[in-house]
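Read the structure below first, then the notes.
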Amino acid sequence: MFPKSSSKLSFTGCLCLSLWFAACHRTTKPATPLTWNEPATHMQFVLLPAGRFVMGSPLAEAEREAQERPHPVQISRRFYLGKYEVTQAEWTQVMGDNPSHFKTCGARCPVERVNWHQVQEFIAKLTRMSGGAKFRLPTEAEWEYACRAGTQTPFNTGANLTTAQANYQGEFPSAGFPAGANRGGTAPAGSYAPNAWGLYDMHGNVWEWCQDWRCDYPDTAVVDPVGNCRAEFKVIRGGSWCFNAASARSALRYTHRPQDLGYSLGFRLVRVIAE
């Protein structure tokens, strides 16, 4: 039998050895890549951080609407958002057809003339093709958070948006600013400079479907809000080639019925991160 002092020393030594072994062999999660490419279609996604922002527009913002009531929002989880609007080539690869009006614009142009229900079918098929990745439309709050990329100005470009910065109906610029060009249709994805978070065409080109029903904003701070109320309309965001500059403001809310089609209705996707 060992002396008591030796027995105590042996136990302490074993405990220290166990703790050292656990620390050396602790499993750590690999770092989440800043970008991700969907393997079937090669659709590109950008990692966006969790964070807080004021959703809606400041009361002094030109051409604001009463529905844009400012309120604090927390986005509690990181997520991947499409670097570009979903293109005609990507839609065709997944769905086998191309419903777009502007087919002659080319495969890199955003798909349009797709309604909210058809987008859900696209998401289901892409999920099956993609080997386990999960996709969805962005919530309205996620969309505005991503569009702003840390800004609180009317556009992520500042007080004004020119037709050298986005594709909108240039004859109708922001109040007090000069008119610009009108392309008369969609432009290929990536034709204009991205915002500070590397996202293209958050302003203009095509309206983008969101997950939410069009519900009134709350009066208080919220975490990860999703519009889920008895409503007829889904939210769309971002403006388009056939709308004025004011419609492309970061805070502007617009709507369509989920069954509606249009020459300027498109979308981009979220890839969900399992955390």
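What the table shows:
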| quantity | calculated |
| --- | --- |
| The chain, Rg to Rh (Cα coordinates; Rh as Kirkwood inverse mean 1/r) | 1.16 |
| Dipole magnitude (debye, nearest 20) for the chain, charges at Cβ of Lys, Arg, Asp, Glu | 1160 |
| Point-charge dipole on Cβ atoms (K/R +1, D/E -1) for the range 212-263, about Cα centre, debye to 20 | 180 |
| Positive dipole terminus of the chain, leading residue within Pro39, Gly180, Cys105 (C-beta point charges) | Pro39 |
| Relative packing of 139-147, 113-121, 97-105, 262-270, which averages over residues the other C-beta atoms within 10 Å, highest first | 139-147, 262-270, 113-121, 97-105 |
| Cβ charges +1 (Lys, Arg) and -1 (Asp, Glu), total dipole of the range 162-275, debye | 200 |
| Reduced Cα scattering model of the range 208-249, Debye log10 I(q)/I(0), q = 0.25, 0.26 Å⁻¹ | -0.93, -0.95 |
| Glu63 paired with Phe177, simple spin-label distance in nm, labels 7 Å along Cα-to-beta-carbon | 0.8 |
| Pairs of Cα atoms farther than 13 Å apart, the range 159-200, % | 54 |
| Local net charge near Trp197, Cβ-Cβ under 10 Å (Lys/Arg +1, Asp/Glu -1) | +2 |
| Percent of Cα-Cα distances greater than 14 Å, calculated over the range 226-275 | 62 |
| Asn37-Ala50 pseudo-label distance in nm [points 7 Å out on the Cα-to-Cβ vector] | 3.0 |
| Label-to-label distance, nm, for residues given as Thr151 and Ala231 (7 Å Cα→Cβ offset) | 2.4 |
| Mean accessible surface per residue for the chain, computed with a 1.4 Å probe while every protein chain stays in place, in Å² | 50 |
| Surface share of carbon and sulfur [accessible, 1.4 angstrom probe, percent] for the chain | 58 |
| Mean ellipticity per residue at 222 nm, deg cm²/dmol - from DSSP H runs of n ≥ 4 across the chain, formula -39500 (n - 2.57) | -6000 deg cm²/dmol |
| Gain upon complete extension [Ser191, Leu261; 0.36 nm per residue less C-alpha separation] | 22.8 nm |
| Two-decimal Rg/Rh across the range 154-275, once Rg and the Kirkwood Rh are taken from alpha-carbon atoms | 0.98 |
| Estimated FRET transfer efficiency (Met129, Asp97; beta-carbon r; R0 22 Å; 0.05) | 0.90 |
| Computed over the range 97-150, the ratio Rg/Rh where both radii use C-alpha atoms and Rh is Kirkwood | 1.04 |
| Sites Arg108 and Ala274 - FRET efficiency at Förster radius 22 Å, r taken between beta-carbons, to 0.05 | 0.10 |
| Built amide H within the under 5 Å cut-off of Ala50, gap 5+ | Arg78 |
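The values are calculated or read from the model by the stated rules, or taken from the named source; none is laboratory data. Computed from a predicted model, the values in this text were never measured in an experiment. Please note: Cβ atoms are built from the backbone with ideal geometry, for glycine as well, and neighbour counts cover all protein chains shown. In case anyone asks, the SASA skips ligands and DNA or RNA and just uses the protein heavy atoms, side chains included. Shrake-Rupley method; radii C 1.70, N 1.55, O 1.52, S 1.80 Å.
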